[in-house]
Each structure stands twice: as structure tokens, then as C-alpha cells.
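Here the structure comes first, spelled out in C-alpha cells, and everything after it is commentary.
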Amino acid sequence: GTAGEELNPPGRVLNDGSGQGRTLKQLCRKGIPARLRGDVWFEISGASHRKRESEARGVFYSDLSETHTRPAHEPEDAGDDDGNADDANHVDQTPPELQYHKQIELDVGRTFPEHACFQSKEGQRKLYRVLLAISRHQELSGYCQSMNFIAGFLLIVLNMDEEKAFWVMLAMVKDKVQKDTWSSRLSGCILEMGTLGILLGKKLPDVAKHLTNIGCDVSYFATDWFLCLFCKVRCVLSLSRYTIIRQALLL
């Protein structure tokens, strides 16, 4: 691209408060044609910019998603060559992708199993590789359940382009969502639940009062929504499936 495009990528223009940014946001909210959606999301989410920066530092999706250490679906060894799997002095040097391998493998089979994209081995392998790359990226805290639905949704929307799905997901997780939402303690998500409770009290006081009276904290029903970015909500897989994620990318 030109120098101007490098200085003002679409994702930055979108949020710079300018008239151009407001116009772009309004146009996106009205709907992006399906044939352009993948390219537009890749640009306005900041994924394209993040990809260029990462690759300039030598970080490539092909390396992060490489499964040479142990192919997916291959059984784990019971222990080391000497049978000392329980050695108390053993220092765990398991590569990150193997630390999360079993959970990722389980979650791949649970991700939109009714959708044609994930009823094939190739579709499942693409999802596995995206989640593997996410678990290995040094800026993240590893893999967390619920990430599989976000990755699966993005693969569906982006026509199973796994590299685009990875970079868009990384941009969302790092730049658009509360920090540590998917950390081991879910501290970011807990903070969001507190904020949601406050907003509910201000915007829908009757609902907030009713929930308080029956002892129902918003986290009981909203945690899954936030961790999955609403990707599991039934309407998401209908004709309106792009609305919530699009807003997550653009706001």
C-alpha cells in the first residue's frame, strides 16, 4: 500500500473520531457484502496491521500453527523412556501447544458440530491449527475454553481462511476486549460482569432489582455470553449472525 495507508490503516481511521471514521463505522453497521466481508474485517479489525508488525518481528502464523511436535489426534505417551512420568524432580518442559493439546482436541469436536464446515476432518484440522496458534502466541496467556467458539465462528465468516481467522481473533483478543478476559483466573471477565451489573442497574432497574431479589448474579448467565462473544447465541448462526461480532470488532 501507499505510505498514507500505512500511517492510517482502516482500523485506526475507524476509531479516530474523524468524520471519515464515523462514516466508515456507519457503513459497516449497515452491513458488509458477503463477498467483501473477509477482506473488510481483516482490515478494520486491525488484523492486517498486526500481521505486518508480527511478521516484521519474525512471528508467522505458519510457525505458530505447525504441528510437527505431535500431530493432532495422536495419543500421548504415558511417560518418558524410563517410565519416570511421576518423577518429583522432573521439570515440566512441555511445549505450550502440548500443554493445551488435550483440551483443544476435545473442544474442536464440540464446536458447532451441526455446521457443515466442521463436519469434515479438514475443517476440524483448520480449527485445531488456529487454536494451537492462539495457545502458542507469546502475547497471550494460553488457550482458554470458549476461544474455540470464537475461532470457529470466524472461520465460518471468513470462508475457512484459517490465517485470516487467526489474525482477526488475535486483534480482537488483544485490542478489542478487556485484558485478561481469558486468563486462568478470568479476571477481565469478572470485571466485565461487575460493569454489566452496574449498567443493568442504571438502564433496567426493575430487572436488576428482580435479579437481586431472587439471588441471581448477572455472572450466572452472562459469563458464557462474554467469554464466547455471543457466538453461541442461537441467532448468531442465523441470518443475523454477523451483527454482534461486527460490533465487537468496530466499537
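No value in this document is a laboratory result; all are computed from the given coordinates. These figures come from a predicted structure and were not determined experimentally. All Cβ positions, glycine included, derive from the backbone under ideal geometry; neighbour counts span all protein chains shown.
Quick look at the numbers
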| quantity | calculated |
| --- | --- |
| Net charge over other residues, Cβ less than 12 angstrom from the Cβ of Glu122 (K, R count +1; D, E count -1) | +3 |
| Potential lengthening between Ile198 and Arg52 on full extension [0.36 nm per residue; Cα-Cα distance subtracted] | 48.7 nm |
| Radius 11 Å from Cβ of Glu192, net charge of other residues (Lys, Arg +1; Asp, Glu -1) | 0 |
| Given Lys102/Lys179; Lys51/Lys203; Lys25/Lys126; Lys51/Lys179, the pairs whose alpha carbons are separated by over 29 Å | Lys51/Lys203; Lys25/Lys126 |
